[in-house]
1. Within the range 271-302, track down each residue that is at pLDDT 75 or above and over 17 Å from Phe113 (Cα atoms).
2. For the range 227-249, how many residues meet the condition of being under 18 Å from Ala189 (Cβ atoms) and not aromatic (Phe, Trp, Tyr)?
3. Ile190 - would you say it is under 18 Å from the mean Cα position of the chain (by Cα) and under 29 Å from Gln116 (Cβ atoms)?
4. Among the listed residues Arg75, Arg168, identify the single one that is among the basic types (Lys, Arg) and either out of contact with any strand residue (DSSP E or B) (no Cβ under 8 Å at 6 or more places or on another chain) or assigned to a loop (DSSP other than H, G, I, E, B) (or both).
5. Looking at (1) surrounded by fewer than 16 Cβ atoms within 10 Å (Cβ to Cβ); (2) free of Cβ contacts under 8 Å to residues at least 40 places away in the same chain; (3) in a helix (DSSP H, G or I), which is the one condition that is false for Glu163?
6. Just for helices (runs of 4 or more DSSP H) wholly inside the range 212-275: which have at least 2 residues that are surrounded by 14 or more Cβ atoms within 10 Å (Cβ to Cβ) and touching a Gly at 6+ places or on another chain (Cβ under 8 Å)?
Amino acid sequence: MNNLEKRVFQYLMDLKESRNYSPHTIHAYSCDLNQFAQFLALKKIDNIEDVNLAILRDFLSSLYHRNASRSTLARKKASLSAFFRWARQKGHIFHDPSKGLMAPRKQRSLPKFLQQDEMESLLNSPDTSPAGQRDRVVLEVLYASGIRAGELVRIDLRDIDLEEGEIRIRHGKGGKDRIALIGSRAAAAIERYLKDGRIRLASHCRKGESAALLLNKFGERISDRGIRRIFDRYADVTGERLKITPHVLRHTFATHLLENGADLRAVQELLGHADLSTTEIYTHVTQTRMREEYDQAHPRARKDT
């Protein structure tokens, strides 16, 4: 393992152990940085200190000439910038070579979300079996709180306060703790599951009782992959219109709050966004929806009037 590969490995371990990034995010960073390492190997460069801005530009240019999309180039640039910023902070390099690095601006697509009737159909889809009770908790909590799937699977029983309607999110994105709010329906779903479904799922565990809220069929903490399988189970709710994912429920949470008059900064806090500009994308969604409703409802909005 050369000097550069060693630093990449240390960086990825830091994301996993200190910052609690999701496995999916770490995998994406790993792919981007390993591709960059392969590019450097062709140039006989194996030391992080030998990387400069010209080399970084050359790397992105090589991807551009291989018809990489603007979205891909923007992601590669972001991965490189984050890595070299970390290396500078850790003292592995004296200067950050990614400063001044530009990539084509990523086209920002509007978040996809469920309509309220679709959301109701989804929430009513699980049955009353132990797994169904758990699935309903997954769907209700994600929609009620807007938390990420990676945050959901890490929730322990001690983190839940049903009386106050709160869940403590420990070591969320960026390693920060915060309080997520849930409503009465999500709290009721959790209470039913704790009194019945979870007890029956826990009885299958041979490794000792788990502290986790959400258990799989073996009575162990459910994984990110297990959450994805739950969503695949209810994919027919929206048919071909939209693939339902945990992040779609996060988008739905934010969009429905804003549509019903919630303050943008309050939504920012609830989502755990560090920057308000990240949350502002949802205002474009509600404005687009408002325009569509206006065009459909106002008698002098349609072109044929």
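1. Within the range 271-302, Gly272, His273, Ala274, Asp275, Leu276, Ser277 meet the criteria.
2. Quick first cut of the range 227-249, residues under 18 Å from Ala189 (Cβ atoms) only: 227, 230-231, 233-234, 237, 244, 246, 249.
Subset that is not aromatic (Phe, Trp, Tyr): 227, 230, 233, 237, 244, 246, 249.
Number of matching residues: 7.
3. Details: under 18 Å from the mean Cα position of the chain (by Cα): no; under 29 Å from Gln116 (Cβ atoms): yes.
Answer is no for this residue.
4. Numbers: Arg168 fails: either out of contact with any strand residue (DSSP E or B) (no Cβ under 8 Å at 6 or more places or on another chain) or assigned to a loop (DSSP other than H, G, I, E, B) (or both).
Answer to the check: Arg75.
5. (3)
6. Values: elements: 224-233, 246-259, 264-271.
In the range 212-275, 246-259, 264-271 are the helices (runs of 4 or more DSSP H) which contain 2 or more residues that are surrounded by 14 or more Cβ atoms within 10 Å (Cβ to Cβ) and touching a Gly at 6+ places or on another chain (Cβ under 8 Å).
Listed here are the residues, each with its yes/no results for (1) closer than 21 Å to Gly100 by Cα; (2) polar (S, T, N, Q); (3) surrounded by fewer than 16 Cβ atoms within 10 Å (Cβ to Cβ).
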residue	(1), (2), (3)
Ile26	no, no, no
Asn52	yes, yes, yes
Leu56	yes, no, no
His65	yes, no, yes
Lys76	yes, no, no
Ser79	yes, yes, no
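Rundown of residues vs (1) farther than 23 Å from Asn260 by Cβ; (2) modelled with pLDDT under 95; (3) within 18 Å of the chain's Cα centre (by Cα); (4) surrounded by fewer than 22 Cβ atoms within 10 Å (Cβ to Cβ), yes/no style:
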position: Ser109; (1), (2), (3), (4): yes, yes, yes, yes
position: Lys112; (1), (2), (3), (4): no, yes, yes, yes
position: Gln116; (1), (2), (3), (4): no, yes, no, yes
position: Ser121; (1), (2), (3), (4): no, yes, no, yes
position: Ser129; (1), (2), (3), (4): yes, no, no, yes
position: Arg136; (1), (2), (3), (4): no, no, no, no
position: Leu139; (1), (2), (3), (4): no, no, yes, no
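The values are calculated or read from the model by the stated rules, or taken from the named source; none is laboratory data. The shown structure was predicted, so the numbers you read here are calculated from the model rather than taken from an experiment. For neighbour counting, all protein chains shown are included, and Cβ atoms are generated from backbone atoms with ideal geometry for every residue, glycine included.
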